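**Q** Please see the structure below; I have some questions.
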Amino acid sequence: MEDIRHKSLSAESLLVCCTAAVVTGIITDKFMASQYISGAIFIVLLAAVSIITNCIGMGDVVVSAMILCLKGTVFTVLAFTFAMTLLGVINIIRILVRKVSRKYTVPFVPYMGICAAGMVLCG
């Protein structure tokens, strides 16, 4: 699997991480079936956006799926929304300062990580 910058991600390591996250969620009885169903719909929509528009990479979709398995649907959707907002604000500033062009590809996973960590720290 490749991200938007065509960097390769090991499918085996992603599968192991997703499986471990799901098993942990099931063992701790943290999520209900409705959480997994609504999360699966969100991930399928993200994958469709990735395939149709190429504006996000499949690696970003898989990382979102891992966060979903670990923290739940609401957390994942909020982290994704905050990450998109943060990414937009920072890149608008970078474009205005002329550090990057509009065709510049931006890695999304670091922004997801920053927003997810911020959400965990803020409770």
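The values are calculated or read from the model by the stated rules, or taken from the named source; none is laboratory data. Quantities reported herein were computed from a predicted structural model and do not represent experimental measurements. Note that each Cβ is placed from the backbone with ideal geometry, even for glycine, and that neighbours are counted across all protein chains shown. Surface accessibility is based on the protein's heavy atoms, side chains included, excluding ligands, DNA and RNA. Shrake-Rupley method; radii C 1.70, N 1.55, O 1.52, S 1.80 Å.
**Q** Accessible area per residue of the range 43-85 at 1.4 Å probe, in Å²?
**A** Values: 1980 Å² over 43 residues.
Here the residues of the range 43-85 average 46 Å² of exposed surface.
**Q** Let me ask something else about it. Would you look at the GNM of the chain, springs on alpha carbons closer than 10 Å, and say which of Thr76, Thr28, Thr85 moves the most?
**A** Thr28
**Q** Over the chain, with every protein chain in place, what whole percent of the accessible area is carbon and sulfur at 1.4 Å, could you tell me?
**A** C and S fraction of accessible area: 72 percent.
**Q** How far, in degrees from 0 to 90, does helix 11-27 lean away from the longest principal axis of the Cα atoms of the chain, to the nearest 10?
**A** Relative to the chain, helix 11-27 is tipped by roughly 50 degrees.
**Q** Sorted by average packing, counted as other Cβ atoms within 10 angstrom per residue and highest first, what order do 91-100, 62-71, 33-42, 105-114 take?
**A** Most protected by this proxy first, the peptides run 62-71, 105-114, 33-42, 91-100.
**Q** Moving on. What is the angle, in °, between the Cα long axis of helix 33-53 and the longest principal axis of the Cα atoms in the chain? Nearest 10 is fine, range 0 to 90.
**A** That helix lies at roughly 30 degrees to the long axis.
**Q** Using Cα atoms only, what is the angle between the long axis of helix 58-71 and the major principal axis of the chain, expressed in degrees (0 to 90) to the nearest 10?
**A** Orientation of helix 58-71: about 40 degrees from the principal axis.
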